Amino acid sequence: QVKLEESGGGSVQAGGSLIVSCTDPTASITTDKPRYLAWFRQAPGKEREGVAGIYIGTYAASYSDSVKGRFSISQEDRKLRVYLEMNSLKAEDSAMYYCAAGSVTRQGFRLGDFRAEDFDFWGHGTQVTVSS
């Protein structure tokens, strides 16, 4: 079973940067890996939204319009570890950030659609707070 663990959250001033990471601490070369991984976030009173996703083992990445050009998702080679570099942070970026992974293949699938039903595994989240 894939178990995802997020880390790196914290408080930062608006305009600053922060990097959060997601990993499966049990992952190894022999571990079954998902096809893709994404970061979602949810702020109080708001719906959960996908912000960035990446296909495992590729450079293909997708971003929501709200973070495009500011956030960058990357994968560490040979590990199920994904980073989300957040730059030019805004107060509206404050949220609990969740790592999610899945292996769904279906006609019309697009990682950038960030459909929750396409993700089978979820971490418990790491809080990011941006002060304006």
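The values are calculated or read from the model by the stated rules, or taken from the named source; none is laboratory data. From a predicted model like this one, the values you see are computed outputs, not experimental measurements. Because the Cβ atoms are built from the backbone with ideal geometry, glycine has one as well, and the counts that use them run over all protein chains shown. Ligands, DNA and RNA are stripped out before the accessible areas are found, and what is left, the full protein with its side chains, is counted by its heavy atoms. Shrake-Rupley method; radii C 1.70, N 1.55, O 1.52, S 1.80 Å.
For residue 46, a cut-off of 18 angstrom between C-alpha atoms picks up these lysines, skipping any fewer than 8 places away in its own chain: 90.
For segment 48-132, a crude dipole built from +1 on the beta carbon of Lys and Arg and -1 on the beta carbon of Asp and Glu, taken about the Cα centre, is about 140 debye to the nearest 20. Note on segment 1-80: with neighbouring protein chains present and a 1.4 Å probe, carbon and sulfur make up 47 percent of its accessible heavy-atom surface.
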